[in-house]
Amino acid sequence: MKKNSIIILDFGSQYSQLIARRVREMGVYAEVVPFFENIKNILAKEPKGIILSGGPASVYADGAPTIDKALFDAGIPVLGLCYGMQLMTHLFGGEVARADKQEFGKAELLIDDIDNTLYKNIPNKTRVWMSHGDHITRIAEGFEIIAHTDSCIAAVVNRNKNLYAFQYHPEVTHSEHGAEMLKNFVFNVADCEKNWSMGNYIENTVKEIKEKVGDKKVILGLSGGVDSSVAAALINKAIGKQLTCIFVDTGLLRKDEAKQVMEIYAKNFDMNIKCIDAEERFLSKLAGVSDPESKRKIIGKEFVEVFNEEAKKLQDADFLAQGTIYPDVIESVSVKGPSATIKSHHNVGGLPEDLKFELLEPLRELFKDEVRQVGRKLGIPDYMVDRHPFPGPGLGIRILGEVSKEKADILREADAIFIEELRKADLYNKVSQAFVVLLPVKSVGVMGDERTYEYTAVLRSANTIDFMTATWSHLPFEFLEKVSNRILNEVKGINRLTYDISSKPPATIEWE
Ligand code: XMP
């Protein structure tokens, strides 16, 4: 299945993953590889086409990312985008220079060579998305201009070598015919076939898991989140009860979460699942601790300990399965280097140190939307598959300051109401992540004839594509009013509710 792929060489563009997703949506496997990957390794993958991504650098800057020019002699068609176009031009002896002013936004593309394969079925005037500071001032020898805008050379081709380049970004939806241009490259230039589908993926992966695992045993830490659930269902399809899932109830889960997860699996899958009630352990370790980073570390450490203890009981397990997905894999080798640790993210299922497991990561190649498709095909209910992300440390980082069972119970009730109302109003799938936060602040209120002195809670709802930046959701006032009425009337312990209108940056989505 793989030997029909497009490789995206990543020069640090925010769109590199998007290019890969666009290609996969066409039914062709695409992989993102850092620009510094050895050329032998790239060619060993036998790609049918290579796309050079954009990137923030200038080709003349010190240490600007570059590639071995031999890549252009391998007989594989290459499409350079933005920085990719500038680099190609630079390496072939053309000239790139700082534009008078940075071009950002939509531009009118005028196609000069309407017969070019890349422009098949595309009108000779169309709008494309530009985002660049440098531009081409002299094209390299052997290249021809095939499109321009009123301010730049927008596309070039080297017919002999089968090299193409766009100054604009066909991968973003603002480029009106961008998807068709990419399709033309993938199918009509690189000659790929459509064979990447989630049905195929399941079939092949089930076969691979069977071969790899044989008659051995596998354990998996189930978090209730999408990735670990889909990984569990896929492995279960391959090896049935040779898989044991461990679900740790930390006491910091959402309302009825442990019960729901167990019910869903009991109903849909014939699976070994162990639910460990560890609420007391977690809460006693957290008692008296209010620093956010300390809380995260305690929760992470305790989780690994509970998981290890259970894993040790299953003496004969050889494999540890994890729901690692493709963006985790790419980000760990990103050209940008490890992104600054703003909060210590510790995901469920860190490899137990003293247990010698082999890793099994059946979703390593999939983007989140593909993981969801696989989940649906395997029969996981939509309700689970479309669930908003939930952080590993759970309510531990949504109860600001010291955590207690009393506070966790109050928060669970309020959060359940917010989510229930979002679903009822058909808003749940329109926002990326929504939840309630409990503040360690009490204020005075009045209920009947009595004065109250209770907690303040916050509704948080964010819209985002990649969770790196986010805006607050513009939920209707009438909706907020309804949620407010319900929470303040139904949840004992909260007498004041606010709505978080902070974007990320400078805020983050979670409060701790
Ligand atoms: P922030 O708060 O950094 O969150 O804007 C971005 C996304 O990451 C989630 N998040 C976590 N996920 N373990 C996780 O598995 C963690 O420790 C963690 N901290 C934040 C957060 O819910 C949001 O989706």
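The values are calculated or read from the model by the stated rules, or taken from the named source; none is laboratory data. A quick note: this is a predicted structure, and the numbers were derived from the prediction, not measured. Using ideal geometry, Cβ is built from the backbone for each residue, glycine included, and neighbour counts are taken over all protein chains shown.
Worth pointing out:
- Just one of the listed residues (Ala311, Ala258, Ala238, Ala266) is surrounded by 21 or more Cβ atoms within 10 Å (Cβ to Cβ) and either in contact with a helix residue (DSSP H, G or I) (Cβ under 9 Å, 6 or more places away or on another chain) or modelled with pLDDT under 95 (or both), and it is Ala238.
- Val230 being farther than 30 Å from Val96 by Cα and within 26 Å of the chain's Cα centre (by Cα): yes
- Set side by side, the residues Asn200, Asn162, Asn204 differ, and just one is surrounded by fewer than 22 Cβ atoms within 10 Å (Cβ to Cβ) and either over 23 Å from Asp328 (Cα atoms) or within 16 Å of the ligand (Cβ to nearest atom) (or both), which is Asn162.
- Boolean, Gly350 is out of contact with any Lys or Arg (no Cβ under 7 Å at 6 or more places or on another chain) and either modelled with pLDDT of 95 or more or farther than 19 Å from Val218 by Cα (or both): no
- Among the criteria (1) on the phi < 0 side of the Ramachandran plot; (2) crowded, with 16+ Cβ neighbours inside 10 Å; (3) touching a strand residue (DSSP E or B) at 6+ places or on another chain (Cβ under 7 Å), the one Thr471 does not fulfil is (2).
- Number of the condition not met by Ala61 [criteria: (1) modelled with pLDDT under 95; (2) more than 25 Å from Ser197 (Cβ to Cβ); (3) surrounded by 19 or more Cβ atoms within 10 Å (Cβ to Cβ)]: (3)
- Helices (runs of 4 or more DSSP H) contained in region 348-427 and holding at least 2 residues within 16 Å of the ligand (Cβ to nearest atom) and either farther than 30 Å from Gly493 by Cβ or among the polar types (S, T, N, Q) (or both): 368-377
- Per-region count, region 485-512, residues within 16 Å of the ligand (Cβ to nearest atom) and over 15 Å from Val436 (Cα atoms): 5
- Residue count for region 430-460, restricted to those that are in contact with a helix residue (DSSP H, G or I) (Cβ under 8 Å, 6 or more places away or on another chain) and of a type in the set (Ser, Thr, Tyr): 1
- Residue tally, condition in contact (Cβ under 8 Å) with a residue 40 or more places away in the chain and either more than 16 Å from the ligand (Cβ to nearest atom) or surrounded by 16 or more Cβ atoms within 10 Å (Cβ to Cβ) (or both), over region 454-468: 9
- Answer from Ile76, Ile50, Ile39 - the residue that is modelled with pLDDT of 95 or more and crowded, with 22+ Cβ neighbours inside 10 Å: Ile50
- Long-range neighbours under 8 Å by Cβ, at least six apart or interchain, first residue more than 15 Å from Gln14 (Cβ to Cβ) within region 44-70, second among the polar types (S, T, N, Q) and in a loop (DSSP other than H, G, I, E, B): Lys45/Ser5; Glu46/Ser5; Pro47/Ser5; Lys48/Asn4; Lys48/Ser5; Val59/Thr66; Ala64/Ser58
- Residues located in region 323-337, provided they are away from the ligand (no atom under 15 Å from the Cβ) and either modelled with pLDDT under 50 or within 12 Å of the chain's Cα centre (by Cα) (or both): Tyr326, Val329, Ile330, Val335, Lys336, Gly337
- Screening the candidates Glu176, Glu171 for the property of being of a type in the set (Asp, Glu) and within 17 Å of Ser53 (Cα to Cα) yields one hit, Glu171.
- Options Leu475, Leu480; residue that is more than 16 Å from the ligand (Cβ to nearest atom), of a type outside the set (Gly, Ala, Ser) and closer than 20 Å to Pro389 by Cα: Leu475
- Candidates Val289, Val304, Val261, Val218, filtered to the one that is outside the structural domain of Ser432 (by TED's automatic domain parsing), within 15 Å of the ligand (Cβ to nearest atom) and of a type in the set (Val, Ile, Thr): Val304
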